[in-house]
1. Just give me the residues in the range 116-131 being open to solvent by less than 10 Å² (accessible area, probe 1.4 Å) and among the acidic types (D, E), in sequence order.
2. Looking at A48, A89, A82, A37, which one is of a type in the set (G, A, S), under 15 Å from D107 (Cα atoms) and surrounded by fewer than 17 Cβ atoms within 10 Å (Cβ to Cβ)?
3. Out of (1) crowded, with 20+ Cβ neighbours inside 10 Å; (2) within 25 Å of R135 (Cβ to Cβ); (3) out of contact with any helix residue (DSSP H, G or I) (no Cβ under 9 Å at 6 or more places or on another chain); (4) of a type outside the set (V, I, T), what's the single condition that is false for A70?
4. Looking only at residues in the range 92-104 that are closer than 15 Å to H25 by Cα and touching a Phe, Trp or Tyr at 6+ places or on another chain (Cβ under 7 Å), which one is surrounded by the fewest Cβ atoms within 10 Å (Cβ to Cβ)?
5. What helices (runs of 4 or more DSSP H) completely inside the range 1-119 contain at least 2 residues that are over 24 Å from the mean Cα position of the chain (by Cα) and among the aliphatic types (A, V, I, L, M)?
6. Look at L110 and say whether it is modelled with pLDDT under 90, of a type outside the set (D, E), within 30 Å of E187 (Cβ to Cβ) and in contact with a Gly (Cβ under 7 Å, 6 or more places away or on another chain).
7. Give me a count of the residues in the range 179-196 that are among the aliphatic types (A, V, I, L, M) and touching a residue at least 40 places away in the same chain (Cβ under 8 Å).
8. Note down all Cβ pairs under 6 Å where the first residue falls in the range 45-60 and is in contact (Cβ under 8 Å) with a residue 40 or more places away in the chain, the second is in a loop (DSSP other than H, G, I, E, B) and not aromatic (F, W, Y), and they're at least six residues apart or on different chains.
Amino acid sequence: MHPSTQHQLRERPNPGRLSIVVPLHNEEEVAGELRRALVEFADRQPFAVEFVLVNDGSTDSTVSMLSEWAAEDPRVLLLCFARNFGHEAAVLAGLDHARGDAVVVMDADLQDPPEVIDEMVEKYRRGYDVVYGRRASRDRETVFKRVSAWLFYRTMRALVYRDLPADTGDFRLISRRCLEAVKSMRETHRFLRGLVAWVGFPQCEVAYRRKPRLAGVTKYSLRKMLQLAWTAAVSFSPAPLRFSFAAGIVALLAGIGEIISALARSIAGSYVMPVWMPPVIAVCLVGGAILISIGVVGEYVARVFEQGKNRPLYIVSETIGGGTGEKILHPQLERLHEATRVEAALPVEGAR
């Protein structure tokens, strides 16, 4: 274990307002139960609670169910994406629009129970700026899921970022001052768990028993999990580049060793080496290592290219909230419409 930064904790009162950010994509089967659980949690709190719901381009009835909730509950702010931008972008949008002194990020499937937030708020009052939920157990998850999750975090800690908390997801409480630091990093390829750990501030954990998914299916397939792991590795460390360099050296040494072995056996008379074999072995091994290295470098270059385009990380088509259910055009699109109206009003050159 490496030593961690020591912080002086200062006790503070309950947050004046707690924001709960929930990204949703095709969650019609759990939306009703999510509403019941969150409202029940908020109603028993001594402080104000707001719900920032982000509809990440759902294709089912999720948006209509959330719109109904927003129309009936003034604590709800619903952000609707113009299309599916992904889980990390949805979480970022929720964080950007959260107004609370503390913000909790959680998934919609209720595998992370809202009652754990009570323990997080208690840690917040003690002075911690980040309180993340550590999964002490995982009910009804497959052996493959448990093993792959265990390997993911240990590999990330060992090779990519040593301060990454193990066995955690995005379920966590973040104070306002830590949130502002996280929001200042507008990386195109995001890994929230790593960003929150990287900014520092006093952090601690709350262990809990992760429940089975309430309904529906997980939105994180094996392919998406591998993409998340790759994003985490490339975003936080040059380790893939160093591994490609090491692979090149290993391939070069292996090629040289095979050539020496073939020559030795040929001289000893136990093996007749075709004249074409040494160069073929060398080309295959070294060429393969070169191609792998170029591919890894290309991945980094592509990410720099995408970051350089400076495109928005998400686009909100409409915002629903305030207890009226009124659909409000998001400022991003409002500016676009205004520019279009101004352009249309300009006289066309040569027109009479």
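1. The one that is open to solvent by less than 10 Å² (accessible area, probe 1.4 Å) and among the acidic types (D, E): D129.
2. A37
3. (2)
4. The first filter runs over the range 92-104 and keeps only residues closer than 15 Å to H25 by Cα, leaving 92-94.
Those left that are additionally touching a Phe, Trp or Tyr at 6+ places or on another chain (Cβ under 7 Å): 92-93.
Values: L92: 25, A93: 23.
Out of the qualifying residues, it is A93.
5. Values: elements: 28-43, 62-72, 87-97.
The qualifying helices (runs of 4 or more DSSP H) are 28-43, 62-72.
6. no
7. Applying the first criterion (among the aliphatic types (A, V, I, L, M)) to the range 179-196 yields 179, 181-182, 185, 192, 195-196.
If we keep only those that are touching a residue at least 40 places away in the same chain (Cβ under 8 Å) too, we end up with 179, 182, 192, 196.
Qualifying residue count for the region: 4.
8. E50/R75; V52/A98
The values are calculated or read from the model by the stated rules, or taken from the named source; none is laboratory data. Model, not experiment: these values are computed from the prediction. So basically every Cβ, Gly included, is an ideal-geometry build from the backbone, and we count neighbours across all protein chains shown. Just so you know, the surface numbers come from the protein's heavy atoms only, side chains and all, with ligands and any DNA or RNA stripped out. Shrake-Rupley method; radii C 1.70, N 1.55, O 1.52, S 1.80 Å.
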